[in-house]
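Following: one structure in structure tokens, then a few remarks.
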Amino acid sequence: MNSLLINIRYLILSYLLLVSVGYACAQKSGNKEVLMAYYCEPCNNACDLERHDAPGVCKHCGMPFVKRSVALMDSLRNGQKKSTKRNVAIFIHNGVEVLDFSGPSEVFASTEGFNVYTVSLTKAPITSQGFIKIVPNYSLADCPKPDIVVLPGGQTGPFIEDKVLIDWIKACSQDAEIMLSVCTGAGLLAKAGLLDGKQATTFHNYIDNLQKATPKAKILRNTRFVDNGQVITTAGVSAGIDGALHVVAKLKGLAVATQTARYMEYDKWKPNEGLVVEQSGKAAAERK
């Protein structure tokens with residue numbers, strides 16, 4: 001069945017390529033300018049729909065770029081958004097807390113509709129809590145464009161000042177649906193300026209430090225998670241599971257999230273335990 005779906009998608013993309021060329025020619029003959037951009041040749045991955053402004057080769061799949069109608073590709077992206085899997089990038093680093101990243105990983109990997117992968121500064125193995133070796137799937141340089149970014153905590157201190165990482169977080173936030181932090185991972189969001197003017201939470205022993213580092217934010221105690229719309233922060237360690245389940249409920253409905261929690265035998269989840277910050281009408285419209 002998966003093979004059949006892949007072939008169908010490939011045929012659709014190939015057809016759109018032909019239509020795009022014909023459409024461009026027709027518009028050109030009518031003296032109307034058509035906006036064109038570069039996209040990689042169909043490879044049945046998320047990068048098929050990534051837009052580029054210059055010729056080249058896709059860094060994800062290695063396929064050469066071809067010109068296509070931006071209007072047609074945007075239409076395809078919008079039509080596929082709800083039916084395709086969302087990319088979930090789990091950032092890991094030396095000293096990352098095991099449950100901080102494995103908890104949300106389990107939630108998203110156990111729920112239909114998510115493509116979960118790990119990403120780190122490089123592809124070199126990292127060590128979690130001094131005894132678990134993990135080989136990241138991707139580096140920041142070749143990571144597929146994420147729809148959801150998970151920033152776990154642990155020994156995040158050395159990484160808060162890493163400009164490449166912070167710039168990556170900022171870039172991801174431009175298009176990602178969700179930026180989710182767990183525990184001290186909130187410090188990375190703060191450094192990227194994503195907590196300014198918002199309410200947030202973090203690991204109980206890190207609350208005071210995060211408040212000092214982010215005077216424009218309000219850091220809450222005794223709160224399992226805080227949902228500001230795109231930016232969601234959670235308390236320490238196991239709270240990351242609650243935050244991830246909240247994201248699933250937010251994107252796919254409470255029934256799906258409840259099913260995932262039941263599969264995990266996670267009977268501690270209380271959907272209303274966190275804080276969902278009221279959004280202004282303008283902000284809500286922008287998210288849609």
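Taken together, Leu210, Leu195, Leu189 contain a single residue that is crowded, with 24+ Cβ neighbours inside 10 Å, in the same structural domain as Trp269 (by TED's automatic domain parsing) and outside any loop (DSSP other than H, G, I, E, B), which is Leu189.
Among what's in the range 129-158 and is among the hydroxyl-bearing types (Ser, Thr, Tyr) and out of contact with any strand residue (DSSP E or B) (no Cβ under 6 Å at 6 or more places or on another chain), pick the residue that is modelled with the highest pLDDT. Give the steps one after another, and end with the answer.
From the range 129-158, those among the hydroxyl-bearing types (Ser, Thr, Tyr) are 138-139, 156; that's our starting set.
Okay, now just the ones that are also out of contact with any strand residue (DSSP E or B) (no Cβ under 6 Å at 6 or more places or on another chain), so 139, 156.
Details: Ser139: 98, Thr156: 95.
Only one residue tops the list, namely Ser139.
Taken together, the residues in the range 135-172 that are under 12 Å from the mean Cα position of the chain (by Cα) and either part of a loop (DSSP other than H, G, I, E, B) or crowded, with 18+ Cβ neighbours inside 10 Å (or both) amount to 12.
The residues of the range 53-72 that are in a strand (DSSP E or B) and surrounded by fewer than 14 Cβ atoms within 10 Å (Cβ to Cβ), listed by number, are Val57, Pro64.
Within the group Thr184, Thr223, which residue is assigned to a helix (DSSP H, G or I), in contact (Cβ under 8 Å) with a residue 12 or more places away in the chain, touching a Leu at 6+ places or on another chain (Cβ under 9 Å) and among the hydroxyl-bearing types (Ser, Thr, Tyr)? Every option except Thr184 fails the conditions. Is at least one residue of the range 79-90 in the same structural domain as Gly229 (by TED's automatic domain parsing), buried (at least 23 other Cβ atoms within 10 Å of the Cβ) and more than 18 Å from His246 (Cα to Cα)? No, there is no match, as no residue in the range 79-90 is in the same structural domain as Gly229 (by TED's automatic domain parsing), buried (at least 23 other Cβ atoms within 10 Å of the Cβ) and more than 18 Å from His246 (Cα to Cα). Looking across the range 105-134, the residues that are of a type in the set (Ser, Thr, Tyr) and either over 20 Å from the mean Cα position of the chain (by Cα) or not in a strand (DSSP E or B) (or both) come down to Ser105, Ser110, Thr111, Thr122, Thr127, Ser128.
The values are calculated or read from the model by the stated rules, or taken from the named source; none is laboratory data. These numbers were taken from a predicted model, which means no experiment stands behind them. Don't worry about glycine lacking a Cβ; one is built from the backbone with ideal geometry, like all the others, and counts go over all protein chains shown.
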